Amino acid sequence: MPPLAYLDWNATAPLRAEAAEAMAEALRRAGNPSSVHRWGRAARQAIERARAQVAGLVGAAPAEVIFTSGGTEANHLALRGVGDRRIFVSAIEHDSVREAAPEATTIPVTPEGVVDLAALETQLASDARPALVSIMLANNETGAIQPIAEAAAIARRHGALFHCDAIQGAGKIAVDFRGLGVDLLSISAHKLGGPQGVGALVAREGVALAALQRGGGQERGRRAGTENGPGIVGFGVAAELAVRESVSSAGIAELRDAAEAALSAVAPDARTFAKSAPRLPNTLCIAMSGVAASTQVMALDLAGIMVSAGAACSSGKVRRSHVLAAMGASPEEAESAIRVSLGRSTTPAEIEQLVDAWTALYRRTRSAAA
Amino acid sequence: MMSAMPRPATEPRPNARPIYLDYQSTTPVDPRVLEVMLPWFTEKFGNPGSVTHAYGREAEAAVERARAQVAELIGAEAREIVFTSGATESNNLALKGAARFHRDERDHVVTLATEHKCVLESARALDREGFRVMILPVGADGLVDLAGLEAALGERTAVVSVMAAHNEIGVLQPLAEIGALCRTRGILFHTDAAQAFGKIPIAVDAMAIDLLSISGHKIYGPKGVGALYVRRRPRARLVPLLDGGGQERGLRSGTLPTPLIVGLGEAAAIAVQEMTEEARRLLALRERFLAGVRAAVPSVRLNGDAERRLPANLNLTFPGIGALELMEACPGLALSTGSACTAAEVEPSYVLRALGVSDELGRSSLRIGLGRFTSERDVDFAVDALAAAVGRLQGPPLKSRSGAAI
């Protein structure tokens, strides 16, 4: 069997060892964080420490952090918790945003996958009713980083609230809640080295938010349910490590660029999406023309390399990407795009393995065609 | 082999952690469960949705195994289990999801005054959406009045929600009888089984249950995970709360937390093996606890039906003694006055109020939850500590004042 190369970090990132250790310890302790007795209080303290760590990752105040069961719930709380507002979402948002607001107006993006700010301005100007704008920090498929500060300023000028889905961006690039000027920001733990099953919505002090999930009144009434203490502890540790190691992403970008250059050299007709947009350092979305993404993913899997054909969400169905379609890609082009996403422990050898396997497939399909 | 001398129960335990008597609030993760979970945090970290590669597929297989383990404990099919972030989400999904799906033909929702806050709050949200919500009283024993329930049901009733085992007073509701009343009328029957799952036998078919909420951390599994049983035949239909990636057959989007789900599955599998024996052991400990307290404090009262209750739960009123003072006087015990969600409130429990307990007696009430790691010695120590504290707080002579003040 070939050595395994995990290059699907945007689907989920391996849990950091330090987070695993802290969680294992927390899992061994009982205590409901709402209980008054000392075991309860200890669980509460651990959660509040993690709240400060997560707040630190995005430069928010701890009281602005609401823990949820993950990114999907955080996005729903943001879009559905703000009350009756017109909603504007970009054409490249994750399904958990698009489906949380099915009646939303779509903000178009450029062929490079970056939201069209002039269009947003026009859309907001056309109607004065209260609104919410939701744009992601970085796209999960292409890695394209969005001009959030500018978009949030436009929203503010029109009196609209602004939500930013920072699930793919947080931990990969610096996130400054105040600097971006957003009102609501979603984060997921498992995309940045924390556990699955935990996320957070950061809500600016003063933003009125109605809970989606009601009950015991946890999270200051904004999200009921016994807190996932050990998961939250793991999230906190991963967040703190992400802050501390943010400088190391330069190395990841180098590896990604090397992969992109090598693949493009092998296949001059390959298209890299969002190539000239500001991009996450770890993401490469590339189309090998004429070869279905599912064929590429399977061939690479046989060679021990794990990548994906877009978002990992819905039980393996390979659907045509709405993201690439919004960027003007033809159906054939979109159906031949794969996503390669790197992480902190990705090695040059893994990239070499990818390039070799991809090259072999490319040559096979080209000689078959000829 | 070394054999330790038995230690008198009243011996001071200066360095020991307090004895945990709050198992209805949460339970420690069983070490056997933790062991099974740990590899799924680290080396087997794949996203179960990433079925295009080996990491994703092994995670998916683990999730499906856990689904079968959870289903087995209630006699369901694996595909009837939907994983959630916990019982609060399960209860919200069941009530809001079922009611909203049937809104056009059925707009009536029935539940009990003693349900958990997350059921009552979900019902309140439905009320604001225009549903007619009926909240039925319970008897002094905490049990539903079946005739009253039957009278409340009508052609437009969409869903009935009744807790299987109560989190504060431990009472077990007659699920099969309620299920039969609902089934003949085409009404969906939801039960919040967060406290019952893995503690008492539940059979979704025999009890005609359509929707059943499950919590991980109440059965020695992890926090942050739960499940909702959703019947397939006849189909219980729901509007999802979370849309997005379409996981869990579209009923609950969001990346599945594999390690937590594996933990819930293992906790359920252990319960399948050990539930009967453990219930027997806990019942004996509970009776020992109650007998001990009654011998020392004759005025003590038991809240909730004495027979139809969880084997490991007691809810006791110590007339004339404030529960908060009593807890403070027992630093060696981890106790609560009731639901942890509202533990920090000074208000007496709405559950005890619904049983007709006065606010004064309500403020004198403690919940005792025993569990898997409670020993006979723990019980004896706790009884002695409680008795001594009551004695100190009442002041001598103990017996002559008992019951006189109230």
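The values are calculated or read from the model by the stated rules, or taken from the named source; none is laboratory data. In this text the structure is predicted, and so the values were computed from the model without any measurement. Methodologically, a virtual Cβ is constructed for each residue, glycine included, from the backbone with ideal geometry; neighbour enumeration extends over all protein chains shown.
Some observations on this one:
- A count restricted to the stretch A:14-70 and to residues that are at pLDDT 95 or above and acidic (Asp, Glu) stands at 3.
- Qualifying residue in the stretch B:183-195 (condition: part of a strand (DSSP E or B) and within 24 Å of residue B:282 (Cβ to Cβ)): yes
- When we screen A:261, A:250, A:208, A:224 for residues that are free of Cβ contacts under 8 Å to residues at least 24 places away in the same chain and surrounded by fewer than 21 Cβ atoms within 10 Å (Cβ to Cβ), the only hit is A:261.
- Filtered by the rule that a residue be in contact with an Asp or Glu (Cβ under 9 Å, 6 or more places away or on another chain) and either in a loop (DSSP other than H, G, I, E, B) or facing chain A (nearest Cβ under 8 Å) (or both), the stretch B:236-254 gives B:236, B:240, B:241, B:242, B:243, B:244, B:245, B:246, B:252, B:253, B:254.
- Residues in the stretch A:178-194 that are farther than 24 Å from residue A:116 by Cβ and not hydroxyl-bearing (Ser, Thr, Tyr) were compared, and the one that is surrounded by the most Cβ atoms within 10 Å (Cβ to Cβ) is A:189.
- Of all residues in the stretch A:23-69, those satisfying the criterion of being more than 7 Å from every other protein chain (Cβ to nearest Cβ), of a type in the set (S, T, N, Q) and surrounded by fewer than 24 Cβ atoms within 10 Å (Cβ to Cβ) are A:45, A:53.
- Boolean, residue A:235 is more than 14 Å from chain B (Cβ to nearest Cβ) and crowded, with 24+ Cβ neighbours inside 10 Å: no
- Members of the stretch B:28-82 found to be over 28 Å from the mean Cα position of the chain (by Cα), crowded, with 21+ Cβ neighbours inside 10 Å and not in a loop (DSSP other than H, G, I, E, B), listed by number: B:55, B:56, B:59
- The stretch A:110-136 - residue that is without any contact (Cβ under 8 Å) to a residue 40 or more places away in the chain and assigned to a loop (DSSP other than H, G, I, E, B) and, of those, nearest to residue A:75 (Cα to Cα): A:116
- Residue in the stretch A:296-303 that is modelled with pLDDT under 90 and surrounded by fewer than 24 Cβ atoms within 10 Å (Cβ to Cβ) present: no
- When restricted to residues that are closer than 19 Å to residue A:339 by Cβ and touching a residue at least 24 places away in the same chain (Cβ under 8 Å), the stretch B:46-62 contains 5.
Residues checked against (1) modelled with pLDDT of 95 or more; (2) surrounded by fewer than 21 Cβ atoms within 10 Å (Cβ to Cβ); (3) assigned by TED's automatic domain parsing to the domain that holds residue B:143:
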site: B:293; (1), (2), (3): yes, no, no
site: B:308; (1), (2), (3): yes, yes, no
site: B:338; (1), (2), (3): no, no, no
site: B:363; (1), (2), (3): no, yes, no
site: B:372; (1), (2), (3): yes, yes, no
site: B:389; (1), (2), (3): yes, no, no
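- Set side by side, the residues A:291, A:340 differ, and just one is surrounded by 16 or more Cβ atoms within 10 Å (Cβ to Cβ), of a type outside the set (Asp, Glu) and in contact with a helix residue (DSSP H, G or I) (Cβ under 6 Å, 6 or more places away or on another chain), which is A:291.
- Criterion: surrounded by 24 or more Cβ atoms within 10 Å (Cβ to Cβ) and within 11 Å of the chain's Cα centre (by Cα) - qualifying residue of A:203, A:166, A:151, A:155: A:166
- Residues satisfying the stated conditions in the stretch B:83-94, i.e. assigned to a helix (DSSP H, G or I), more than 8 Å from chain A (Cβ to nearest Cβ) and of a type outside the set (S, T, N, Q): B:93, B:94
- Among the residues of the stretch B:23-39, the one identified as at the interface with chain A (Cβ under 9 Å from one of its Cβ atoms) and over 25 Å from residue B:196 (Cβ atoms) is B:38.
- Boolean, residue A:74 is under 20 Å from residue A:221 (Cβ atoms), within 23 Å of the chain's Cα centre (by Cα) and away from chain B (no Cβ under 11 Å): no
- Lone unmet requirement of (1) touching a Pro at 6+ places or on another chain (Cβ under 8 Å); (2) assigned to a strand (DSSP E or B); (3) not aliphatic (A, V, I, L, M) for residue B:331: (2)
- Qualifying position, being modelled with pLDDT of 95 or more, crowded, with 24+ Cβ neighbours inside 10 Å, of a type in the set (Val, Ile, Thr) and in the same structural domain as residue B:88 (by TED's automatic domain parsing), among B:209, B:135: B:209
- Unmet requirement for residue A:7, which otherwise passes all of (1) more than 20 Å from residue A:189 (Cβ to Cβ); (2) away from chain B (no Cβ under 12 Å); (3) modelled with pLDDT of 95 or more: (2)
- Within the stretch A:70-87, tally of residues that are in contact with a strand residue (DSSP E or B) (Cβ under 7 Å, 6 or more places away or on another chain) and crowded, with 24+ Cβ neighbours inside 10 Å: 8
- Residues satisfying the stated conditions in the stretch A:88-97, i.e. assigned to a strand (DSSP E or B) and within 14 Å of chain B (Cβ to nearest Cβ): A:89
- Screening B:110, B:144, B:159, B:138 for residues that are within 21 Å of the chain's Cα centre (by Cα) and under 18 Å from residue B:228 (Cα atoms) leaves exactly one candidate, B:159.
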